[in-house]
1. So residue 206 ticks every box in (1) within 14 Å of the ligand (Cβ to nearest atom); (2) over 15 Å from the mean Cα position of the chain (by Cα); (3) not in a helix (DSSP H, G or I) but one. Which box is left unticked?
2. Out of (1) within 12 Å of the ligand (Cβ to nearest atom); (2) exposed (fewer than 13 other Cβ atoms within 10 Å of the Cβ); (3) at pLDDT 95 or above, what's the single condition that is false for residue 159?
3. Looking only at the range 235-245, decide whether some residue is assigned to a helix (DSSP H, G or I) and in contact with a strand residue (DSSP E or B) (Cβ under 6 Å, 6 or more places away or on another chain).
4. Which residue is nearest to the ligand (Cβ to nearest atom), if the candidates are limited to the range 167-195 and must be buried (at least 18 other Cβ atoms within 10 Å of the Cβ) and closer than 12 Å to residue 120 by Cβ?
Ligand SMILES: NC(=O)c1ccc[n+]([C@@H]2O[C@H](COP(=O)([O-])OP(=O)(O)OC[C@H]3O[C@@H](n4cnc5c(N)ncnc54)[C@H](O)[C@@H]3O)[C@@H](O)[C@H]2O)c1
């Protein structure tokens, strides 16, 4: 399969297994992309890249703290030196700082914003600059959440970042549309990754939340990877500033 033949992709937060980033990286590699798997978990990213390479794909692991603007400069410079400029960036790395509002500390708020929102700004800015400099079209996919569309208890800080990602992406999409640099968001519902491990520790609440999903089940990482593949490929060439919800019907109510 070659829906991404000759494309160079960066996927952040690619170490977690099961995780969205590793699934996106694998799916992109299966479709012919060269994939830079970045994560602050260097060993985890290396393991994912090795498994992609041993399956016949092409992946390179990079240590990368997405909350660090200087790390972003290094990652974009490395990819640009190797290949001209990235064609695809998936801003996927993220954390969930979940507290009732009166328990949310300044430190928790700041950390949530740095990892989930500052990161997407740094990455999008760097990728757009590199794409423009190289005169290349491109696709930037920012992973938001259903929490970026509707309110969820304990998600005050998380929702602030994911809603911010949603509208930041639309503004950049308009700025860059004439150069065919497309910017879109994906809004996963509940997907069965390591991020859900904490939630599973309260099985009664967890089962009730899953039971309220119209499809009555969690999504799998590949469900998000396939949506990313569409937005990364030229099949979505007229799609920019869009938000693609992949949530088993959660927000259809
Ligand atoms: N799983 C879900 O149900 C769900 C739902 C909606 C949105 N999302 C979003 O999808 C994205 C991926 O989530 P996931 O479920 O795969 O989570 P995960 O916890 O399984 O994986 C997250 C990855 O991000 C990395 N990471 C964390 N902080 C980082 C930093 N500062 N720099 C670099 N890497 C860092 C972690 O090391 C890990 O590999 C996140 O943005 C998350 O908010 C997930």
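1. Status for residue 206: all satisfied but (3).
2. (2)
3. no
4. Ranking the qualifying residues of the range 167-195, first place goes to 185.
Residue by residue, here is whether (1) assigned to a helix (DSSP H, G or I); (2) surrounded by fewer than 20 Cβ atoms within 10 Å (Cβ to Cβ); (3) more than 17 Å from the chain's Cα centre (by Cα) holds:
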residue	(1), (2), (3)
3	no, yes, yes
9	no, no, no
17	no, yes, no
22	yes, no, no
25	yes, no, no
35	no, no, no
47	yes, yes, yes
50	yes, yes, yes
53	yes, yes, yes
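The values are calculated or read from the model by the stated rules, or taken from the named source; none is laboratory data. Just so it is clear, the structure is predicted and the values come from calculations on it, not from any experiment. A quick note on method: Cβ atoms are made from the backbone with ideal geometry, for glycine too, and the neighbour counts reach across all protein chains shown.
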